[in-house]
Amino acid sequence: MSFLRYLMLLSLIVWLGGLIFFAFVLAPTAFSVLPTRHLAGTLVGRSLGALHWMGIISGIVFLAGSITYSQLTKGSPQVFAARNLLICLMLVLTLISQFGIIPRMDTLRASIGEIDSVPPDNPARIQFDGLHVWSTRVESGVFLLGLVVVYLTAALLATNS
């Protein structure tokens with residue numbers, strides 16, 4: 001059982017830790033250190049893809065560990081426990097970002113070229129900026145949901161220790 005608890009906690013640490021590092025270290029540093037915003041955007045975009053895959057794998061590991069842990073401790077897999085449903089919502093949001101929002105941003109970035117050279121009232125720039133806002137909202141939502149999952153998981157593990 002200790003190993004299942006370990007896997008559940010590790011998966012949350014990896015996912016949320018990655019989100020924290022991305023938002024507070026990588027992205028701000030890239031935009032302040034690299035010579036162009038275009039180059040920084042390219043680095044951040046590629047990093048976000050890696051972060052999404054870390055999240056997808058972490059979410060699957062968490063679900064497998066959580067369901068197995070419930071089966072062993074309560075005699076029921078509790079598939080619809082709040083923590084599992086929230087992880088599924090986090091996965092859905094991550095998949096929407098990875099396969100919906102980010103590819104559209106990449107297509108626009110490729111068609112526009114240097115984003116900062118395009119006037120703010122350009123339709124492609126407006127669409128890109130709108131997608132960027134949605135991308136930020138989705139990542140923030142994943143993070144906030146993850147904090148709730150951490151609380152629920154801590155409560156579960158504290159009661160079963």
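Among the residues of the stretch 49-60, is any surrounded by 13 or more Cβ atoms within 10 Å (Cβ to Cβ), within 21 Å of SER140 (Cα to Cα) and modelled with pLDDT under 95? Looking through the stretch 49-60, none of the residues is surrounded by 13 or more Cβ atoms within 10 Å (Cβ to Cβ), within 21 Å of SER140 (Cα to Cα) and modelled with pLDDT under 95. Once the stretch 136-159 is narrowed to residues that are surrounded by fewer than 17 Cβ atoms within 10 Å (Cβ to Cβ) and of a type in the set (S, T, N, Q), the residue that is nearest to LEU48 (Cα to Cα) is THR136. Can you confirm whether LEU7 is under 18 Å from LEU145 (Cβ atoms), surrounded by 15 or more Cβ atoms within 10 Å (Cβ to Cβ) and either touching a residue at least 40 places away in the same chain (Cβ under 8 Å) or among the basic types (Lys, Arg) (or both)? So LEU7 fails the test. In the stretch 88-104, the residues that are closer than 20 Å to ILE67 by Cβ reach residues that are small (Gly, Ala, Ser) with C-beta atoms within less than 7 angstrom, at least six apart or across chains, in these pairs: MET90/GLY59; MET90/GLY146; LEU91/GLY59; THR94/GLY55.
Which residues, taken from the stretch 29-40, are out of contact with any Leu (no Cβ under 8 Å at 6 or more places or on another chain) and either in contact (Cβ under 8 Å) with a residue 60 or more places away in the chain or surrounded by 13 or more Cβ atoms within 10 Å (Cβ to Cβ) (or both)? Selection gives THR29, PHE31, THR36, ARG37, HIS38, LEU39. Under the condition of being of a type in the set (Ser, Thr, Tyr) and over 18 Å from the mean Cα position of the chain (by Cα), which residue from the stretch 1-18 is modelled with the highest pLDDT? Among those residues, the one meeting the criterion is TYR6.
Being under 20 Å from TYR6 (Cα atoms) and either hydroxyl-bearing (Ser, Thr, Tyr) or modelled with pLDDT of 95 or more (or both) narrows it down to one of GLN127, GLN78, so name that one. Spell out how you get there, then give the answer.
Working: GLN127 fails: under 20 Å from TYR6 (Cα atoms).
Only one candidate qualifies: GLN78.
Does the stretch 61-79 include one or more residues that are in a helix (DSSP H, G or I), of a type in the set (D, E, K, R) and under 24 Å from LEU145 (Cα atoms)? No - not one qualifying residue is present in the stretch 61-79. Per the listing VAL25, VAL79, the residue uniquely over 16 Å from GLU139 (Cα atoms) and either of a type outside the set (S, T, N, Q) or within 16 Å of the chain's Cα centre (by Cα) (or both) is VAL79.
The values are calculated or read from the model by the stated rules, or taken from the named source; none is laboratory data. Source: prediction; values computed, not measured. With ideal geometry, Cβ positions are generated from the backbone for all residues, glycine too; neighbour counts draw on all protein chains shown.
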